[in-house]
1. Could you work out how far the C-alpha centroid of the stretch 46-78 sits from that of the stretch 125-190, in angstrom?
2. So for the chain, averaging the separation of alpha carbon pairs under 8 Å that are six or more residues apart and normalising by length, what relative contact order in percent results?
3. Taking every pair of distinct Cα atoms and averaging 1/r, then inverting, what Kirkwood hydrodynamic radius in Å comes out for the chain?
4. Pulled fully out, how much extra length does the chain show between R175 and Y143, if you take 0.36 nm times their separation in residues and subtract their Cα-Cα distance?
5. From the C-alpha coordinates alone, can you work out the Kirkwood hydrodynamic radius of the stretch 96-204, in Å?
6. Given charges of +1 on the Cβ of Lys and Arg and -1 on the Cβ of Asp and Glu, with all other atoms neutral, how large is the dipole of the chain about its Cα centre, in debye to the nearest 20?
7. Before rounding to the nearest 500, sum -39500 (n - 2.57) across all DSSP H runs of length at least 4 in the chain and divide by the residue total; then give [θ] at 222 nm in deg cm²/dmol.
8. Test of understanding: what is the full-extension gain from R162 to W219, defined as 0.36 nm times their sequence separation minus their Cα-Cα distance?
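Quick note: the coordinates plus some simple rules give every number you see, no bench work behind them. Just so you know, these numbers come straight off a predicted model, no measurement behind them. Methodologically, a virtual Cβ is constructed for each residue, glycine included, from the backbone with ideal geometry; neighbour enumeration extends over all protein chains shown.
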Amino acid sequence: MEPVACEPTRAPGARLRISEIFLSLQGESSTVGFPTVFVRLTGCPLRCHYCDTEYAFRGGEYMDLDAIAARVASYQIRHVTVTGGEPLAQPSCLALLTRLCDAGYQVSLETSGALDVSQVDTRVMKVLDLKTPGSGEADKNRYQNLDCLMPRDQVKFVICDRADYVWARRMLDERRLASRCEVLFSPSFRQQDAAELAGWVLEDRLPVRFQMQLHKILWGDEPGR
């Protein structure tokens with residue numbers, strides 16, 4: 001079934017501060033490679049050392065749900081990812097996610113996991129970035145979120161160095177993450193050697209998906225990609 005035009009908003013007056021809406025290939029997660037519309041929300045309470053979207057910390061424009069829905073529909077693409085910044089820092093993000101699901105899109109949410117995900121529409125695929133020590137924000141992890149994960153969701157670790165890998169491996173075991181959902185190990189761009197990380201995963205026979213950021217391979221750090 002093709003996505004349909006969104007119906008009038010059920011939350012009159014709901015607005016979100018939008019950094020950008022753009023079309024690209026999904027660079028990560030189980031939908032990697034699919035043409036995807038990205039809705040990037042402005043603002044984030046975290047300051048990860050490896051952040052590649054600092055431009056989304058501020059600025060942007062306020063848009064109501066109707067305007068966002070119309071922009072998304074204009075691309076005529078089935079997959080939609082709501083990202084940031086940290087999208088859940090804006091309460092109306094929840095309404096946006098439901099609105100997109102109601103319209104028939106395959107919707108994913110990229111979240112740091114520092115904010116509560118329990119109210120996210122169950123039709124949304126959550127990609128939860130569990131922060132490693134190397135990010136500088138591991139103390140912000142909200143581990144209660146792990147209880148909200150379903151088999152189609154994913155937990156992502158961005159690995160900065162060997163210490164991060166050892167920590168992530170311990171989390172994998174202690175939290176029994178592989179029995180909850182798919183787990184992703186990704187090298188921090190230009191920080192952790194990808195082949196080295198792949199070797200560690202193979203050596204330890206980890207039940208994880210090794211991934212690299214496709215958009216970075218294709219376009220580097222170019223914004224809006």
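1. Between the Cα centre of the stretch 46-78 and that of the stretch 125-190, the gap is 24 Å.
2. Worked out over the chain, it gives 19 percent.
3. 17.8 Å
4. In short, 10.6 nm is gained.
5. About 14.7 Å, per the Kirkwood formula over Cα pairs.
6. Working: 27 positive and 30 negative charges, 51 e Å.
My answer is approximately 240 debye.
7. Dividing the helical sum by the residues of the chain leaves -6500 deg cm²/dmol.
8. Using 0.36 nm per residue and subtracting the Cα-Cα distance, I get 17.8 nm.
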